[in-house]
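First comes the structure, then the notes that go with it.
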Amino acid sequence: MSKDGATLALRGRLLWFVGDPHEIGEAAHRYVEDGLLVIENGLIRAAGEAKELLPTLPGGAAITDHRPHLIMPGFIDAHIHMPQTQVVASYGAQLMEWLNKYTFVEEQKLAQQGHAQKLSAFLLDELLASGTTTAAVYCSVHKGSAEAFFVESHRRNTRMIAGKVMMDRNAPPALTDTAESGYADSKDLIGRWHGKGRQLYAITPRFAVTSTPEQMAASQRLVEEHPDCFVQTHINENRAEIAFARELYPDAADYAGIYEDYGLLGKKSLLGHCIHMTKREWRAFAAHGAVAVFCPTSNLFLGSGLFDWDRARREGVKVAVATDIGGGTSYSMLRTMAEAYKILQLQGQSLSAFEALHAITLGNTVALGLDHLIGSFEPGREADIVVLDPAATRAMAHRLETVRDLAEEFFVLVTLGDERNVAATYVAGELVSACSTN
Ligand SMILES: [Zn+2]
């Protein structure tokens with residue numbers, strides 16, 4: 001345990017990133033076969049060769065030997081819905097029908113505080129068991145749902161980004177706020193939770209379809225008053241959704257133009273999906289520094305379409321990756337990247353194992369502007385860590401007999417891996433989740 005002043009060291013195979021492998025190739029990652037990760041007061045103090053660092057440990061330092069497992073920074077999920085953990089795997093609908101038939105029905109239950117607490121606790125535990133230590137989380141329209149989530153996250157000391165959804169039209173009456181109450185509730189939550197411990201707030205107008213112009217203006221006021229908060233919303237996921245949004249905002253240049261008109265397209269704006277983007281929209285994202293959030297399992301499950309990562313790169317748009325539970329079908333960022341690979345393959349694009357592992361660690365923290373805090377093993381970063389057993393399943397152990405190098409081994413991990421490969425998860429240096437077989 002890493003109590004104040006105490007030193008903890010984890011021994012194993014270390015892998016982390018210092019740059020983007022798509023841009024600088026092999027120079028982007030650091031790998032140490034027999035490595036030691038030294039943690040002090042919940043922060044990374046050093047990462048390197050065990051034989052060099054072991055003699056530097058103070059007397060009484062606790063060493064946990066994870067060999068031959070792989071030790072990486074905890075995974076980051078840039079878009080997930082807490083109220084949808086019991087919506088996952090709902091049959092046979094695309095976005096708008098799926099929202100009305102399944103999601104909006106389940107989300108009404110979050111009016112009960114006990115239910116919001118139950119789903120929040122479940123989500124956090126499931127994320128940690130999947131090796132995910134930070135996520136950008138949509139709560140429900142109920143103020144109490146965000147309160148419940150922050151309470152649970154603060155208790156676990158996890159670095160989470162979350163917000164109360166704002167929606168004041170095109171949803172059941174039990175699930176709508178008003179421009180004024182959405183503003184007031186969000187403002188109060190920001191005051192209570194943004195920057196408290198490791199918690200961060202995201203101003204969360206669900207999407208243009210469910211917010212009136214008055215509510216969009218209220219969101220803009222929140223952003224202007226709290227420029228250090230995130231903004232999270234959805235865009236260009238589904239053709240019917242796009243047509244509806246355009247109909248509701250006929251004066252906007254396009255869907256991105258709606259958010260742009262209300263000052264919601266900025267460096268801290270995380271926009272889920274970005275599948276059906278026009279040239280002008282890509283340019284607007286690049287100009288404002290907004291983040292496109294790629295949600296592979298959700299895009300396939302809801303039949304939404306194929307995200308064009310190469311195009312985003314060419315346009316200079318930052319990309320983050322995410323599960324989008326409950327449109328998505330797995331809590332695992334490894335599984336998410338396996339589906340990302342297939343989506344890119346369908347478009348003649350590729351994704352190496354190093355690119356995938358970078359995306360779910362440093363890549364996501366750079367996109368979120370949190371790379372000074374988390375996402376790597378640079379000294380001073382918060383010690384959120386996942387320990388992976390690449391041979392956790394029979395099929396993986398069998399396949400690993402024939403791999404010839406790290407790139408091949410890690411590609412097996414990304415393609416066949418999921419939460420079963422997570423041997424342990426640490427939050428700020430504390431062990432919070434450990435697989436019983438490891
Ligand atoms: Zn979503």
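No other residue among 400, 406 is touching a helix residue (DSSP H, G or I) at 6+ places or on another chain (Cβ under 7 Å), open to solvent by 30 Å² or more (accessible area, probe 1.4 Å) and over 30 Å from residue 268 (Cβ atoms) apart from 400. Here residue 219 does not fit the description of being in contact (Cβ under 8 Å) with a residue 24 or more places away in the chain and within 16 Å of the ligand (Cβ to nearest atom). If you filter the stretch 305-316 down to residues that are part of a loop (DSSP other than H, G, I, E, B) and open to solvent by 10 Å² or more (accessible area, probe 1.4 Å), you find that the one that is nearest to the ligand (Cβ to nearest atom) is 305. Restricting attention to the stretch 86-100, the residues being within 16 Å of the ligand (Cβ to nearest atom) and either touching a Cys at 6+ places or on another chain (Cβ under 9 Å) or open to solvent by 20 Å² or more (accessible area, probe 1.4 Å) (or both) number 7. Among the residues of the stretch 275-284, just one is of a type outside the set (A, V, I, L, M, F, W, C), more than 16 Å from the ligand (Cβ to nearest atom) and assigned to a loop (DSSP other than H, G, I, E, B), namely 278. I'd like the residue in the stretch 409-438 that is free of Cβ contacts under 8 Å to residues at least 60 places away in the same chain and small (Gly, Ala, Ser) and, out of all such residues, is least open to solvent (accessible area, probe 1.4 Å). Per the stated criteria, the residue is 434. A search for C-beta distances below 8 Å between a residue of the stretch 33-45 that is more than 19 Å from residue 156 (Cβ to Cβ) and any residue that is hydroxyl-bearing (Ser, Thr, Tyr), counting only pairs 6+ apart in sequence or on different chains, returns 38/7; 38/56; 40/2; 40/7; 45/7. The strands (runs of 3 or more DSSP E) found entirely in the stretch 321-438 include none that carry 2 or more residues being touching a Pro at 6+ places or on another chain (Cβ under 9 Å) and outside the structural domain of residue 17 (by TED's automatic domain parsing). The sole residue among 39, 63, 71, 44 that is more than 16 Å from the ligand (Cβ to nearest atom) and open to solvent by 80 Å² or more (accessible area, probe 1.4 Å) is 63. Scanning the stretch 383-408 for residues that are touching a residue at least 24 places away in the same chain (Cβ under 8 Å) and hydroxyl-bearing (Ser, Thr, Tyr) turns up just one, 393. Screening 70, 95, 110, 123 for residues that are farther than 23 Å from residue 141 by Cβ and of a type in the set (A, V, I, L, M) leaves exactly one candidate, 70. Taking residues in the stretch 287-301 that are farther than 20 Å from residue 258 by Cβ and open to solvent by 10 Å² or more (accessible area, probe 1.4 Å), and partners anywhere that are modelled with pLDDT of 95 or more and away from the ligand (no atom under 14 Å from the Cβ), the pairs with Cβ atoms closer than 9 Å and at least 6 places apart or on different chains are 300/306; 300/339; 300/342; 300/343. Here the condition is being within 19 Å of residue 132 (Cα to Cα), touching an Asp or Glu at 6+ places or on another chain (Cβ under 8 Å) and buried (at least 21 other Cβ atoms within 10 Å of the Cβ); of 323, 361, it holds for 323 alone. Determine which single condition residue 11 fails, assuming it passes every other condition in (1) within 16 Å of the ligand (Cβ to nearest atom); (2) open to solvent by 10 Å² or more (accessible area, probe 1.4 Å); (3) at pLDDT 95 or above. Tallying (1) within 16 Å of the ligand (Cβ to nearest atom); (2) open to solvent by 10 Å² or more (accessible area, probe 1.4 Å); (3) at pLDDT 95 or above, residue 11 fails exactly one: (1).
The values are calculated or read from the model by the stated rules, or taken from the named source; none is laboratory data. Just so it is clear, the model here is predicted, and its values are computed rather than measured. Every residue, glycine as well, gets a Cβ built from its backbone with ideal geometry; the counts of neighbours run over all protein chains shown. Accessible surface areas use protein heavy atoms only, side chains included; no ligands, DNA or RNA. Shrake-Rupley method; radii C 1.70, N 1.55, O 1.52, S 1.80 Å.
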